[in-house]
1. Any of B:42/B:68; B:154/B:216; A:225/B:154 with alpha carbons more than 25 Å apart? Name them for me.
2. Just to check, using Stokes-Einstein with a Kirkwood Rh over alpha carbon pairs, what's the diffusion coefficient of chain B at 20 °C and 1.002 mPa s in µm²/s?
3. Which shape class, rounded, prolate or oblate, goes with the stretch B:33-76 when its Cα gyration tensor gives a ≥ b ≥ c as root eigenvalues, a/c under 1.5 marks rounded, and past that a/b bigger than b/c marks prolate?
4. Which residues make up the longest stretch of chain B clear of GluC sites (Glu not before Pro) that lie in a DSSP loop with no more than 16 other Cβ atoms within 10 Å, not counting the sites?
5. Which residues make up the longest stretch of chain A that has no trypsin sites (Lys or Arg not before Pro) in a DSSP loop with at most 12 other Cβ atoms within 10 Å?
6. Count charges around residue B:121 for me, please; just the other residues with Cβ under 12 Å from its Cβ, Lys/Arg as +1, Asp/Glu as -1.
7. Calculate one ³J(HN,Hα) per residue across the stretch A:296-311 by plugging θ = phi - 60° into the Karplus curve 6.51 cos²θ - 1.76 cosθ + 1.60, and present them in order as whole Hz with x for glycine and proline.
8. Mind putting together the pair-distance distribution for chain A? All Cα pairs, 10 Å bins, whole percent per bin, short to long.
Amino acid sequence: MPVISTIVLAQGPDWIQFDVEAFVSQFWSNTIDGLAYGSIYALVAMGYTMVYGVLQLINFAHSEVFIVGAYAVFFVLSALGFGPSAPNLSVAALVGDLVLAMLVAMLVSGLVAVALERVAYRPLRRRNAPRLAFLITAIGASFAIQYALFAWRGANPEPAVIMFRPKPVFEIFGATIDSQQLVIFGAAIVLMIITDMFVNRTRLGRGLRAVAQDPDTATLMGVNKERVIVLTFLIGGILAGAAALFYVMKVPAGVQFNGGFILGIKAFAAAVLGGIGNIRGALLGGLLLGVIGNYGQTLLGNAQWTDVVAFVVLVGILMIRPTGILGESLGRARV
Amino acid sequence: MPLLELNDVCAHYGRIQALDGITLTVEEGEVVTLIGANGAGKTTTMRVISGIRPVSSGKLLFDGDDIKSLRADLRVVRGISQSPEGRGVFPGMTVLENLDMGAYTRKDRKSLGADLDRVFSLFPRLAERRTQAGGTLSGGEQQMLAIGRALMAKPRLLLLDEPSMGLAPQFIAQIFRIITEINEQGTTVLLVEQNAQQALSRADRAYVIETGRIVKAGTGAELLADPAIKEAYLGVA
Ligand SMILES: Nc1ncnc2c1ncn2[C@@H]1O[C@H](COP(=O)(O)OP(=O)(O)O)[C@@H](O)[C@H]1O
Ligand SMILES: [Mg+2]
């Protein structure tokens, strides 16, 4: 173990302390847990990045598309008898229940995203509204959904729904990987790969990339741009719904009207970090943000530092690579 | 019945009127060229035909049917394919993917191989570069790709908007040769050009457009010989 266990900055304020020993000893467990959190950011980041890639629109209401999915997870699992203590179920029954909750959440979030596009953004597009109008509308839609949820469910979080008690599965460099981390990371990676394959290998996916790179020329190829836009919102919503299941798995009492806000900002940051408009960038950015937040929290010895550190690193990376780590690949070349 | 007919077509960008009553026809099997100065309305005419700009008034008929309110993507299905001004190559897609985008609406996916071979025999350069990203091609290669891609739709009417723009002379000659070849293989062509000399000598008929109106029409040879045209567009004093 390092000789210096705690470094206090010689001249610095004494409220910043670097706990290097904890950072080193918890490095691998922080990495593993950060990857699980990061998977959730990455799934939500996909929605931001795809909509941005196709429309150059930052869909601020995407965090609400996500939290509505979390409500769907809560209601489905509550109806299935889940509650504040882990249920006593066979693995098969548990998997069945969770898959059901995920599918419902995907459906609900997907529909909310499509409805949002229809109600909020399409009318602006028809009128050729300036970009700022879209941005304001997006923020307005975000608040509208939040306060609709508030009016319906009140200010308090919903009671916790525990899905299962995480069990250690295997060890790596002395750190334990538990079943929950494994499920979240594995499922998120599979979903991201499916999305990536859809976008890169199918005809419809190619149409989507064409609209992102050059909408007018895509139309000249016979691509129905409106259909592509709906598809983009739908895919983003579906992935946010899946993310909602994993979020509730990790934060069982996190279903609250404004619960999407912080996570949404982090997912958006993850999208920017990886290169907005870039699907693989969203994955990379999400995972990085999850891991870096965990490192920072341990290094500085306080959970309140998680987001600060994550954003400081984000700004640092953007100073070196302004278009994000992987750059804008769905998007067109911009001036 | 002409394959394409525009009758008194007007078009606007906001309050700016870009087309002020365009009337022209293209018969099946022809090469028709539209020449005119910068800003005359050539590109807008092409966009109105392919449907990415709306017609504000007038008639637009394709194969006898009114297509004025037909969605642009469905006009591709009807047989109108365009190589846009500035080429519009998808920079992040490979040459093959770009060509495949041209065939986006095709139902007969089985015969795509033969059409790909045809494009590669017209443009052997593209075959060599098939896995290269569109954005990394030279200007001439991008132009070939844009034309080849438009052909992949198996169009009845091929719209080419300034295919010679920004190209080196040896590429320009090659592009015009290939346009003639495409036409001889049975595709009707409407060609927009600033390179009036080449365009007129390759065209069956031609129109001259000025500030959104057709001011002159005739066979390619007639316009080539016209003194006013010579002075304004052929650089002959
Ligand atoms: N996107 C646009 N917005 C506003 N005006 C435009 C736009 N595109 C073209 N115009 C105007 O329409 C007229 C015709 O343009 P265009 O059809 O591009 O001409 P050409 O292709 O013959 O050079 C010009 O006066 C031009 O300024
Ligand atoms: Mg033009």
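1. Checking Cα-Cα distances, B:154/B:216 exceed 25 Å.
2. Result for D is 119 µm²/s.
3. Note, shape of the stretch B:33-76 comes out prolate.
4. Longest stretch, sites excluded: B:29-237.
5. Longest stretch, sites excluded: A:128-333.
6. Here the count lands on -1.
7. For the stretch A:296-311, the Karplus-derived couplings read x, 4, 6, 4, 9, x, 7, 4, 5, 7, 3, 6, 4, 4, 4, 6 Hz, x marking Gly and Pro.
8. Values per bin, smallest distances first: 6, 25, 32, 23, 11, 3, 0.
The values are calculated or read from the model by the stated rules, or taken from the named source; none is laboratory data. As the structure is a computational prediction, the values presented were derived from the model and not from experiment. Here the Cβ is made from the backbone with ideal geometry for all residues, glycine too, and neighbour counts use every protein chain on show. SASA here: full protein model, heavy atoms, side chains in, ligands and nucleic acids out. Shrake-Rupley method; radii C 1.70, N 1.55, O 1.52, S 1.80 Å.
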